[in-house]
Amino acid sequence: AQRRIPTFAFYERLVMRLLFAWLVWRATPDFLIVNGIPSPNGITRLFDLHFLLDPHVFSFARIALGAALILYVLRLVVWLALPVALFVNLAASGITNSQGAIQHAAQIVSLILFAQTVAHFYGLWRRRHGEEGAILESRAVWWSQQTIVAVYLLAGIAKLIATKGLWIFQARWIGVSIAKAAYQRFYNGFDWEDLEQQLAVAHFAAAHGWIV
């Protein structure tokens, strides 16, 4: 029977794991400079995560994330590495987005991490029913690709519906949106270098509206 899931070479899967692990590490906040969870959002609506506000606890969580990502890259105990990485990423991002302003930049990373976690456990179940083990990681890559497509497709459709089709004509103001997101990110970590890089992109978009 013809496979429904495309297969990927070893080096392709290795590069994917390396780059995605780096992306998850970068997308997950390094520290939390907040005192509470005033406006619960995402996972903070389901679980009490106030314990992560303790700097020592969160430092341990970051170490756990790093260890989980290393295991993920090496394809060791992935059944444990993926859930740990997913929890730390969701928890840190959820607390950050529970301060009264929601950032969307890293949500796609969390969704891909969630998709890979589900794909892995689904693959383990399929393996017990006779599926080839080689398909396990290919499914994770395939589901990641589908998640990326779905996120941007739904986002585009939602913007068109919300603006009644005017979003296309408002695209020239994307520089303002980039600058707004840059300042929101800056006040989470006070990273001046990152702010300057993001504002440079915003200024370029504003000065070259014809590209948009």
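The values are calculated or read from the model by the stated rules, or taken from the named source; none is laboratory data. Here the structure is a predicted model, which means the values were calculated and not measured. All Cβ positions, glycine included, derive from the backbone under ideal geometry; neighbour counts span all protein chains shown. Side chains are part of the model used for accessible areas, which takes the heavy atoms of the whole protein and leaves out ligands, DNA and RNA. Shrake-Rupley method; radii C 1.70, N 1.55, O 1.52, S 1.80 Å.
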- Task: Please work out the C-alpha center-to-center distance from region 1-34 to region 158-190 and express it in whole Å.
- Result: 26 Å
- Net +/- balance of residues flanking Asp194 in space, Cβ distance below 14 Å, scoring K and R +1, D and E -1: -2
- Note on the structure: Counting only protein heavy atoms and rolling a 1.4 Å probe, one gets per residue an accessible area for the chain in Å² of 64 Å²
- Note on the structure: Cα extents of region 35-137 along the principal axes, largest first, in whole Å, come to 49, 24, 22
- Query: Given Cα pairs under 8 Å that are at least 6 residues apart, what percent is the relative contact order of the chain?
  - Reply: 20 percent
- Task: First compute the accessible area of region 60-212 with a 1.4 Å probe, then give the percent of it belonging to carbon and sulfur atoms.
- Result: 70 percent
- Along its principal axes, what span do the Cα atoms of the chain show, with the longest given first and each in whole Å? 54, 45, 30
- Query: So what's the net charge close to Glu12: Lys and Arg +1, Asp and Glu -1, counting the other residues with Cβ under 15 Å from its Cβ?
  - Reply: +3
